[in-house]
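Engineer: Following this message is one structure expressed as structure tokens.
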Amino acid sequence: MTKLEELKHGKLVGVIRGARPNQIIPIARALKEGGIRTLEITVETPKVCHLIEKVKEEFGDDIIAGAGTVLDPETARAVIMAGAEFIFSPTVNVKTIKLAKRNGVISIPGALTPTEILTAYEHGADIIKVFPADALGVSYFKNLKGPLPHIPLMPTGGVNLDNLASFFKAGAIAAGVGGSLINPAKLITGEDYTRLTETAKKILGYRTKRLKPSIAYMNIFH
């Protein structure tokens, strides 16, 4: 499979935001063991380029590593040179999309309106990140798929156990999961990382059915 096919097959992207540099490898390992193999490291993370290189050195093809919150082509070029395999953006920047595609890297810009979504897709984006997904909810996402059924969409921002299955039922090709999965401030001990692995497994199970969040999950993140 291509990296894009692998990303779609895996369904979930773990969004790592607010982590310290020394947490990235342990988080990546915990998520991989929990079945989530696609990881976004946001570019405000200190030493982000070095960290992307380290993730690829440590895990090779077992992890698809990309950069998030990429706002311009200059930043995109830097992280691609470090080994980023996809570029996540919160907005539609046509130059960033085109730079990613020229370098054979997956482009996933963020958009909210039908016009933004179509603009991004027509300029070569592989998947459009509907962001922030929780602002207008699942019903809005479903309504987008009506006139735009050919455009692959993924919700990001506010995706959690309560709405994940509903987004997939509404037509999501994948989903980005951040704070409801990864809370770096609460990852201190080895047991914390073990719980992260178990939470990743639970979230993978919620792709197709909606269940009440477990007591353990609520204790970790609420």
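The values are calculated or read from the model by the stated rules, or taken from the named source; none is laboratory data. Source: prediction; values computed, not measured. With ideal geometry, Cβ positions are generated from the backbone for all residues, glycine too; neighbour counts draw on all protein chains shown. Calculation scope for accessible area: heavy atoms of the full protein, side chains included, ligands and nucleic acids excluded. Shrake-Rupley method; radii C 1.70, N 1.55, O 1.52, S 1.80 Å.
Engineer: Around ILE64, which amide H atoms from residues at least 5 apart in sequence, or from another chain, sit under 5 Å from its own amide H, with H modelled in the peptide plane?
Structural biologist: THR38, LEU39
Engineer: Hey, another quick one. Under a point-charge model restricted to the Cβ atoms of Lys and Arg (+1) and Asp and Glu (-1), what is the dipole moment magnitude of the chain relative to its Cα centre, in debye to the nearest 20? Please report the intermediate quantities before stating the final value.
Structural biologist: Working: 28 positive and 21 negative charges, 102 e Å.
The dipole of the chain has a size of about 480 debye.
Engineer: Hey, another quick one. Roughly how big is segment 52-160's charge dipole about its Cα centre, with Cβ charges of +1 (Lys, Arg) and -1 (Asp, Glu), in debye to the nearest 20?
Structural biologist: 360 debye
Engineer: Here is a follow-up. If R0 is 22 Å, what FRET efficiency do you get for GLU191 and GLU33 from their C-beta distance, rounded to 0.05? Please list the in-between numbers first.
Structural biologist: On the way: r = 14 Å, r/R0 = 0.64.
Calculated transfer efficiency: 0.95.
Engineer: So, one more: Pop out the ³J(HN,Hα) list for segment 25-41 in order, Karplus 6.51 cos²θ - 1.76 cosθ + 1.60 with θ = phi - 60°, rounded to Hz; leave Gly and Pro as x.
Structural biologist: So the J values, rounded to whole Hz, are 5, x, 5, 4, 5, 5, 5, 4, 5, x, x, 9, 10, 10, 10, 9, 10.
Engineer: Amide H of ALA175: which non-local residues (sequence gap of 5 or more, or other chain) have their own amide H closer than 5 Å, using H built in the peptide plane?
Structural biologist: For ALA175, whose amide H was placed from the backbone, the distant partners under 5 Å are LEU12, VAL13.
Engineer: Here's a follow-up. What length, rounded to one decimal in nm, is gained on full extension from MET1 through to LYS201, with 0.36 nm per residue of separation minus their alpha-carbon distance? Walk me through the numbers on the way to the answer.
Structural biologist: Numbers: separation 200, 0.36 × 200 = 72.00 nm, distance 2.29 nm.
The MET1-LYS201 span can extend by a further 69.7 nm.
Engineer: Pull out a ≥ b ≥ c, the square roots of the eigenvalues of the alpha-carbon gyration tensor of the chain, then state rounded if a/c is under 1.5, prolate if not and a/b is larger than b/c, and oblate in the remaining case.
Structural biologist: Judged from the Cα gyration tensor, the chain comes out oblate (a/c at least 1.5, b/c at or above a/b).
Engineer: Could you give the length gained by full extension between LYS169 and LEU71, i.e. 0.36 nm per residue of separation minus their alpha carbon distance, to one decimal place?
Structural biologist: Values: separation 98, 0.36 × 98 = 35.28 nm, distance 3.02 nm.
The LYS169-LEU71 span can extend by a further 32.3 nm.
Engineer: Something else now. Of all accessible surface on the chain at a 1.4 Å probe, what whole percent is carbon and sulfur?
Structural biologist: On the chain, the fraction of accessible area on carbon and sulfur atoms equals 55 percent.
Engineer: Now a separate question. Using amide H atoms built 1.01 Å from N in the peptide plane, name the residues 5+ places from VAL159, or on other chains, whose amide H lies under 5 Å from its own.
Structural biologist: GLY178
Engineer: Residue by residue, what Karplus-based ³J(HN,Hα) values in Hz, rounded to whole numbers, does segment 93-106 have, using 6.51, -1.76 and 1.60 with θ = phi - 60° and x for Gly and Pro?
Structural biologist: With the stated coefficients, segment 93-106 comes to 10, 4, 5, 5, 4, 5, 5, 4, 5, 4, 9, x, 10, 5 Hz.
Engineer: If the limit is 18 Å between Cα atoms, which of LYS32/LYS56; LYS95/LYS142; LYS11/LYS129; LYS56/LYS98; LYS11/LYS56 go over it? Write down the numbers at each step before the final one.
Structural biologist: Numbers: LYS32/LYS56 13 Å; LYS95/LYS142 29 Å; LYS11/LYS129 13 Å; LYS56/LYS98 24 Å; LYS11/LYS56 20 Å.
Flagged as over cut-off: LYS95/LYS142; LYS56/LYS98; LYS11/LYS56.
Engineer: Still on this structure: On average over all directions, what projected area in square nanometres does segment 59-153 have, based on the convex hull of its Cα atoms?
Structural biologist: Its average projected convex-hull area is 6.3 nm².
Engineer: Ok, one more. Find the accessible area per residue for the chain; the probe is 1.4 Å, ligands and nucleic acids are left out, and the unit is Å².
Structural biologist: That works out to 45 Å² per residue.
Engineer: Taking the Cα-to-Cβ direction at LEU118 and at LEU136 and moving 7 Å from each Cα, how far apart do the two end points lie in nm?
Structural biologist: In this crude label model, LEU118 to LEU136 measures out at 1.3 nm.
Engineer: Which order, highest average first, do 114-125, 12-23, 79-90 follow once you tally other Cβ atoms within 10 Å for each residue and take the mean per peptide?
Structural biologist: Numbers: 114-125: 17.7, 12-23: 19.2, 79-90: 23.4.
The peptides rank, most packed first, as 79-90, 12-23, 114-125.
Engineer: Each residue of segment 139-156 in turn: what ³J(HN,Hα) in whole Hz from Karplus with 6.51, -1.76, 1.60 and θ = phi - 60°, glycine and Pro shown as x?
Structural biologist: With the stated coefficients, segment 139-156 comes to 4, 5, 4, 5, 5, 4, 5, x, x, 10, x, 7, 9, x, 10, 9, x, 8 Hz.
Engineer: For segment 113-163, compute the orientation-averaged projected area of the C-alpha convex hull (one quarter of its surface), in nm².
Structural biologist: 3.4 nm²
Engineer: Taking a ≥ b ≥ c as the square roots of the Cα gyration tensor eigenvalues, with a/c under 1.5 meaning rounded and otherwise prolate when a/b beats b/c, else oblate, which class fits segment 1-89?
Structural biologist: oblate
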